[in-house]
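Structure first, commentary second.
Every read-out reported here was derived from the displayed coordinates using simple, explicitly stated rules and does not represent laboratory data. Given the structure is predicted, the values throughout are model-derived calculations rather than measurements. Methodologically, a virtual Cβ is constructed for each residue, glycine included, from the backbone with ideal geometry; neighbour enumeration extends over all protein chains shown.
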Amino acid sequence: KKHMIIDGQIVNFDKEQNILAVIRKAGIDLPTFCYYSELSIYGACRMCVVEDEWGGVIASCSTPPRDKMKIKTNTPQLFRYRKMILELLLASHCRDCTTCPKNGKCRLQELALRFGIDSVRFENTKKETEVDDSALSIIRDSSKCILCGDCVRMCSEIQNVGAIDFAHRGSNMTVSTAWGKPLSETNCVNCGQCASVCPTGAIVIRNCTQKFWDAIYDDSKRVVVQFAPAVRVALGDEFGLEPGTNVAGKIVGALRKMGVDEVYDTTMGADLTVMEESKEFVKKYKAGTKLPLFTSCCPAWVKYAEHTHPELVEQISTCKSPMQIFSAVIKEHFKQVQAVDGKETVVFAIMPCTAKKDEQVRPEFIYEDGSRDTDGVITTQEFASILKQAGIVFEDIDPEAADMPFGITSGAGVIFGVTGGVAEAVIRRVVDDKSNNMLHNIAYTGVRGMDGIKEASIPYGEGRVKIAVVNGLANAEKLIEQIEIGEAEYDFVEVMACPGGCIAGAGQPFTRREGKEERAKGLYDADKLSQVKRSEENPVMMALYGGILKNKIHELLHVDYSK
Ligand code: HC1
Ligand code: SF4
């Protein structure tokens, strides 16, 4: 076996691409600003330096491991070196930590503390604060940027968007949009993935918590909250629970404690999406309409298609996303109640996603009287801060069940939150064989797992339906290219912009691959535990289709992005 000697300790390695990965394997938390295993190596921050056996200083992220190599990670020289880098960064950085949205979660702050920096020896070269808050999901403050390039690589390598890039040279270097345009005027899709890797407060997610509180404090409003499938398996991270713990019941209990009038699970909306999307798919498949049908629930994907592949927009399902479907149904349901008690119904959605903040105000979802389907979107992280503001001791909250009449959900709906879940839920609906055996087989068709591009094929009628599942927009681009040059052919394609699906949305507490796997497991376990496995078996569906959806299916559940 190949091995390295790290600080005198033998550590085996095999497929690790760089020394840093071997060091982390040895349980040493070497600091970095610019290293993410899923992104290319930039090697700019130099915090991860180590000493070789001759006292030479090398960047561990960009050096491959060699057999029998000896390195040290902690020497007086390295300590001085790291301190100096931190002081140089702090000299040009805003130091108003208490009012920064990243306070307590900033890596620069964390490392300054860890290395005991109590003063900075260099002249203050902080630039003027320059905030771009034009976009609905993220806010950029370039004066807090440390030029690690994480956002740039995320936006281009994983999302194939390239809305931001390095501009200028030397001491004038910044991260900027093309021509310095406001972000809202670029091809940014609001996925927020840049913010999720930004180590400082240079890119943060827009905060809408005050809007939520204003509604709660307003007695003339009926506040209805829905929470997305993926939120339940990530929120616990903020409260020290085991990764992937399902806290759905606690979310309901906590929201009631804060004075929310009605609490629902977006999973019911996902069931409605399955019903409608399956219907649309089967109709198109049988009619021989141009396929594949692309899913529509990820708003960052919809935006990407609009910017980059307008020719594909008419192949995107006309189903509104579960969030929008559910809000529309809630508003319709409370119309009569509102006529009696005079309270205005406002719907907030707790989402793992930053693009939902943009989806919610798309013109398609704002009606003539100014009303909307969803009135506010708060991310999982914002919800965690709301809980803390309310003084809720989350650990002590007893789980409760969601309200009726929409409180029953299916296992098919809950797995929407993980890549492959929408496809799996639709397959469950369209196959004729409703046996447990088939249910089990569907899980092994290839739709599950964290791979960026997955394929499945299921028997249907006389033939087979070919399905692809992609996550990360660069993977979507690869698949589209293959389809367009005729190298691949599919009937149904699920696209989620965030790598791993909604469980890794930018609104969630940040996690790496292992954390995503735990979250996925949390959702698959929830599916296993639910009595109702298929959307069409959810009794709420029957009640809705026989009730308020009569004559309103198109109006409440569909949208046409190609118009
Ligand atoms: Fe998602 Fe969806 S699954 S988009 O990934 O279709 O955000 O969780 O709420 O709308 O249900 C996100 C998650 C979410 C919608 C559903
Ligand atoms: Fe790029 Fe997404 Fe950030 Fe927009 S939100 S700049 S698309 S990474």
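Against the longest alpha carbon principal axis of the chain, how many degrees, from 0 to 90 and to the nearest 10, is the axis of helix 76-91 turned?
Helix 76-91 sits at roughly 60 degrees to that axis.
Going by Cα centres, the range 261-326 and the range 40-59 are how many Å apart?
The two parts, judged by their Cα centres, are 47 Å apart.
Please give the net charge around residue 353, taking every other residue with its beta carbon less than 13 angstrom from that of residue 353, where Lys and Arg add +1 and Asp and Glu add -1.
+1
Points 7 angstrom from Cα along the Cβ direction at residue 388 and residue 482: gap in nanometres?
Calculated label separation equals 4.2 nm.
Using DSSP to call loops (not H, G, I, E or B), can you name the GluC sites (Glu not before Pro) in the range 284-371 whose Cβ has at most 16 other Cβ atoms within 10 angstrom?
Passing sites in the range 284-371 are 368.
Going toward the positive end of the dipole of the range 149-267, with +1 on Lys and Arg Cβ and -1 on Asp and Glu Cβ, which of 151, 230, 166 do you reach last?
166
When only DSSP loop residues count, what GluC sites (Glu not before Pro) in the range 119-174 have their Cβ near at most 15 other Cβ atoms within 10 Å?
For GluC sites (Glu not before Pro) across the range 119-174 that sit outside H, G, I, E and B with at most 15 neighbouring Cβ atoms in 10 Å, the list reads 123, 128, 130.
Relative contact order for the range 86-140: what is it in percent, counting Cα pairs under 8 Å that are at least 6 residues apart?
Contact order relative to length: 45 percent.
Which loop-located chymotrypsin sites (Phe, Trp or Tyr not before Pro) does the range 428-513 contain, where loop means any DSSP state but H, G, I, E or B and the Cβ has at most 13 other Cβ atoms within 10 Å?
444
Computed FRET efficiency, Cβ-Cβ of residue 552 and residue 512, R0 45 Å: what is it to the nearest 0.05?
With R0 = 45 Å, the Cβ-Cβ based efficiency is 0.55.
What number, in percent, do you get for the relative contact order of the chain if the mean sequence gap of Cα pairs under 8 Å and at least 6 apart is divided by its residue count?
15 percent
What is the distance in Å between the Cα centroid of the range 121-147 and that of the range 150-222?
About 12 Å separates the Cα centre of the range 121-147 from the one of the range 150-222.
Just to check I understand the Karplus step: with θ = phi - 60° and J = 6.51 cos²θ - 1.76 cosθ + 1.60, what whole-Hz values come out for the range 427-432, glycine and proline as x?
Ordered by residue, 3J(HN,Hα) equals 4, 4, 6, 7, 5, 6 Hz.
Please compute the contact order of the range 92-205 in relative form: average sequence separation of alpha-carbon pairs under 8 Å and at least six residues apart, divided by the residue count, as a percent.
It comes to 32 percent, rounded to a whole number.
Treating the angle as unsigned and between 0 and 90°, give the value, to the nearest 10°, between the Cα long axis of helix 473-484 and the longest Cα principal axis of the chain.
60 degrees
Treat each spin label as a single point 7 Å out from the Cα along the C-beta direction, and report the residue 438 to residue 58 distance in nm.
5.8 nm
What lysines could a cross-link reach from residue 303, if we take a straight Cα to Cα line under 16 Å and drop same-chain neighbours fewer than 8 places away?
Answer for residue 303, where 16 Å is the Cα cut-off: 320, 356, 357, 563, listed by chain and number.
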